[in-house]
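Shown next, in structure tokens, is the structure this report addresses.
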Amino acid sequence: MKTFDKQLWEKINTRTKPLGSLGKLEQIAFKIGKIQQTLSPELRNPAMLVFAADHGIADEGVSPCPKEITWQMVQNFVNGGAGISVFCKQHNIHLRVIDGGVDYDFPEELNVESCKLARGTRNMRYEPAMTIELCQTAMNKGAEYVRQEYERGCNVIGFGEMGIGNTSPASLLLHKFVGTPLDVAVGRGAGLTDDGLKHKYNILKEVSEKYNPQTPLETLATFGGIEIAMICGAVLEAKRLNMLIIADGFITSSGFLAAYEMQPDILDNVIFSHASKEPGHKSMVEYMKGDPILHLDLRLGEGTGVAIAYPIIQSALVFLNEMASFDETGVFEVEKHR
């Protein structure tokens, strides 16, 4: 009896194409087939959960953008004008925008889902960003939203984020979890000048030296964001439900990184959509043994890399499920006659 892995590779290799000629698509098809334990995997009801929250560290001038842009962009998401909005619409991905901790009260008529756990994190220059209790609650809420999608028949999910200043917690999580030097982990975010980048580095160096958390949960609470904690919990739950999980860029991947520190086998279900232009993302993805699909110098966040890569992931299953085999067509199979 052939093992399942062997059967799946045999199906991939016997489509009417030279061996390995579809490159990374073949690896993607194998991964999804293995997750679903079927030779005919499928993607059902794709979902994108965008978690939004503000950050106390933004008060230290680590971003060139005012905090008000967080709530303004959240409104742009639900009004259909943002990058994630148009790309999800293009590829029929169910988009949900969730207020986990925005320092603003959205009008009820807006389609923003309220899960306001606080009005942003505390300023970690002076105290940990979150209590352990708040961090755990955020993780639990992220998991809850994933369960809702699973219960409506979704088996493939991606996550996005919005929060002015949130490259700072992502950089600190990378520095603490991976050991990446802080000058590599800290990037320009939304477009800092050289002087702004130096200021951001100095602030985050001070924060980094102030705390010495001992566990992944404590590290996430100390340096993370509410939206990052929600992503972490969502990833862990999506793994528990055996869904295909698609990672986005630097900030979203910091939530994946925290989840990985808590449960390394999440990677069995994760595909990395793209390699961000934010410098720390490369270290993050390499640490998690990722192989990004796209290299387009994206750094928008919001989950946009997931939405843009999604049709390529679909193509991996289209070839596996719909291409004919050599036996079916009578086409000469080179590998059989070498």
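The values are calculated or read from the model by the stated rules, or taken from the named source; none is laboratory data. Because the structure is predicted, anything quoted here is derived from the model rather than measured. Backbone-built Cβ (ideal geometry, glycine too); neighbour counts: all protein chains shown. Each accessible area value is taken on the protein alone, full model and side chains, heavy atoms only, with ligands, DNA and RNA left out. Shrake-Rupley method; radii C 1.70, N 1.55, O 1.52, S 1.80 Å.
Just a few scattered comments:
- Panel values: the chain, Kirkwood radius from alpha carbon pairs, Stokes-Einstein at 20 °C and 1.002 mPa s, translational diffusion coefficient 105 µm²/s.
- Helix 132-151 axis, angle to the chain major axis (alpha carbon atoms, nearest 10°): 30 degrees
- Averaging Cα coordinates gives a centre for the stretch 66-81 and one for the stretch 170-225; these two points are 25 Å apart.
- Per residue, the solvent-accessible area of the chain (1.4 Å probe, heavy atoms of protein chains only, all protein chains present) comes to 43 Å².
- Measuring nothing but protein heavy atoms, the accessible surface of the stretch 47-318 at 1.4 Å probe radius is 48 percent carbon and sulfur.
- Longest stretch of the chain clear of exposed loop sites (chymotrypsin sites (Phe, Trp or Tyr not before Pro), DSSP loop, at most 12 other Cβ atoms within 10 Å, sites excluded): 127-331.
- Counted over all Cα-Cα pairs of the stretch 183-257, pairs farther apart than 20 Å make up 45 percent.
- Gyration tensor over alpha-carbon atoms, the stretch 241-338, equivalent ellipsoid semi-axes in Å: 33, 16, 13
- Residues with amide H under 5 Å from that of His274, placed H, sequence gap 5 or more: Ile293, Leu294
- In straight-distance terms, cross-link reach from Lys11 covers every one of the lysines whose alpha-carbon lies under 26 Å from its own, apart from those fewer than eight places away in the same chain; here that gives Lys2, Lys24, Lys31, Lys34, Lys239, Lys289, Lys336.
- A simple rule links phi to the HN-Hα coupling: the Karplus curve 6.51 cos²θ - 1.76 cosθ + 1.60 with θ = phi - 60°, which for the stretch 122-129 gives 6, 6, 6, 5, 10, 7, x, 4 Hz, with x for Gly and Pro.
- Net charge of Cβ neighbours under 12 Å - reference Gly158; Lys, Arg +1; Asp, Glu -1: -3
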